[in-house]
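Throughout, read-outs are computed from the coordinates displayed, never taken from laboratory work. Everything quoted here is computed from the prediction, not taken from an experiment. When we count neighbours, we look across all protein chains shown, and the Cβ atoms used for this are built from the backbone with ideal geometry, even at glycine.
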Amino acid sequence: MTLDLESLSMTEIIRLRELMSEVLIRRFERNLALAFTDVVGSTAYFAEFGDEAGRGLMQRHLDTLSQAVTAQHGRIVDTAGDGAFTCFPSADEAVSALAQLQQQLLEQNLTRPAQHHLSVRAGLHFGPVLTDGSVVTGDAVNLCARVTSTGTAGEIRLTKAAFLELAGANRSRCQTLAPAELKGIARPVEMMLYRWHTQGPRPTWVCIQESGERVRMPDKSVITFGRLKEHHGVQANDIVLLPANVEHQARISRWHFEVRQTADGLCVSALSDQTTEVDGKLVARGQSAPLRAGTVVRVSGVMTLLFEADGSDQPVAEADRHTQAWDISNVNFDDI
């Protein structure tokens with residue numbers, strides 16, 4: 001039977017439109033968990049290493065994402081540019097997949113040079129969409145994309161709507177963020193940060209007790225600390241440790257220690273035979289110790305570093321109570 005739309009009256013067309021709308025919503029509207037992932041720094045990576053290496057980086061993102069999504073009963077809806085759009089039956093499955101993705105990327109990065117690390121930010125929202133099992137459309141998709149764009153490397157951000165869909169265990173891993181003004185969204189959006197790597201607050205600042213200097217930690221999976229600022233014209237350390245006392249400078253190695261992101265959180269890895277002391281315990285070269293907000297690292301007995309999270313009001317002088325005197329009279333200074 002063919003419907004002659006041209007012969008219908010205005011009233012009949014309006015009634016038909018209302019009927020079609022009801023059928024469309026009944027058949028194709030679903031509440032889904034929506035997620036976007038976005039490779040951070042991809043444009044600069046393509047520019048520096050070329051199209052082949054850049055395409056390889058994108059493929060590693062999609063391959064790793066596909067494994068995590070499939071394991072949590074989700075699917076990749078679309079890929080465009082340097083990101084991907086996925087959907088899941090529930091918010092818990094979605095956040096589990098995103099956490100698995102971040103953990104797998106972290107493990108992969110540990111075996112690669114820093115310049116070839118793959119960093120991804122992710123955003124999650126839960127809401128109504130229209131879908132035929134293939135295409136997924138709606139305002140909820142646009143909101144999710146906007147939320148993703150506010151994140152930084154390694155972050156999983158989610159809307160309040162997604163947070164309310166989570167089970168208690170996953171809710172406990174969420175940290176409230178300030179409401180954000182997003183392009184095309186009328187009201188500020190309430191967001192959460194999902195702490196996939198550690199239950200505690202992540203250190204974001206380094207306070208040097210001797211100088212009172214407070215340095216923001218770069219957003220990297222491996223952060224190096226040492227005396228050397230440049231090596232063959234290239235930056236040597238992310239955070240340079242250079243005491244004012246010249247004699248003390250000689251006690252700090254060119255590359256002294258590094259802070260690494262692991263699946264269990266941050267850790268301090270000693271790179272030098274000179275002493276690295278974490279919360280009063282000596283960490284030998286090649287060994288590691290956990291790093292949390294409030295951790296104090298003592299370097300060769302001449303510098304004290306206090307690691308703080310955003311919003312911490314702990315004074316630098318508080319580091320004194322974490323440190324102990326260390327006898328460096330027999331230290332070998334050849335490794336400098």
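For A309 and I13, what is the calculated FRET efficiency with R₀ set at 51 Å and r taken between the beta-carbons, to the nearest 0.05?
The calculated FRET efficiency here is 0.25.
Restricted to Cα positions, what overall size does the stretch 50-97 have along the principal axes? Three whole-Å values, descending.
That works out to 38, 16, 12 Å along the principal axes.
For Q249 and L193, FRET efficiency with R0 = 35 Å and r from the beta-carbon atoms, rounded to 0.05?
0.35
In nanometres, what is the gap between the two model label sites at N31 and S149, each 7 Å from Cα along Cα-to-Cβ?
About 2.8 nm, to one decimal.
Find how many whole Å separate the alpha carbon centroid of the stretch 1-19 from the alpha carbon centroid of the stretch 39-87.
Here the answer is 46 Å between Cα centres.
What ranking, highest mean first, results for peptides 107-118, 6-17, 123-134 when packing means the other Cβ atoms within 10 Å averaged over each residue?
Ranked by mean Cβ neighbours within 10 Å, highest first: 123-134, 107-118, 6-17.
Can you work out the Karplus-derived ³J(HN,Hα) for every residue in the stretch 78-83? Use 6.51 cos²θ - 1.76 cosθ + 1.60 with θ = phi - 60°, whole Hz, and x for glycine or proline.
7, 10, 8, x, 10, x
If you average over every viewing direction, what projected area does the convex hull of the Cα atoms of the stretch 8-83 give, in nm²?
Projected area, direction-averaged: 8.4 nm².
Quick check: the distance between the Cα centres of the stretch 190-266 and the stretch 112-172, to the nearest angstrom?
29 Å
Could you check which residue among S300, S211, S119 shows the biggest mean-square fluctuation in a GNM of the chain with a 10 Å Cα cutoff?
S211
Over the chain, what relative contact order in percent results from Cα pairs under 8 Å that are six or more residues apart?
Relative contact order comes out at 12 percent.
The stretch 56-133: which trypsin sites (Lys or Arg not before Pro) are DSSP loop and have at most 15 other beta-carbon atoms within 10 angstrom?
Counting only loop positions with at most 15 other Cβ atoms within 10 Å, none of the trypsin sites (Lys or Arg not before Pro) in the stretch 56-133 qualifies.
At R0 = 35 Å, how high is the FRET efficiency between E230 and I76 if r is their beta carbon distance? Nearest 0.05 is fine.
0.25
Counting only helical runs of four or more DSSP H residues, what would the 222 nm mean residue ellipticity of the chain come to if each run contributes -39,500 (n - 2.57) and the total is spread over all its residues?
Taken over the chain, the calculation gives -9000 deg cm²/dmol.
Need one word for the chain: rounded, prolate or oblate. Basis is the Cα gyration tensor (sqrt eigenvalues a ≥ b ≥ c); a/c below 1.5 gives rounded, then a/b vs b/c decides.
Prolate is the answer for the chain, as a/c is 1.5 or above and a/b outweighs b/c.
Mean separation of Cα pairs under 8 Å and 6+ residues apart, divided by the residue count of the stretch 129-255: what relative contact order is that in percent?
Relative contact order of the stretch 129-255: 15 percent.
Hey, rough spin-label estimate for A167 and V222, points 7 angstrom out along Cα→Cβ, what's it come to in nanometres?
Distance between the two pseudo-spin positions: 3.6 nm.
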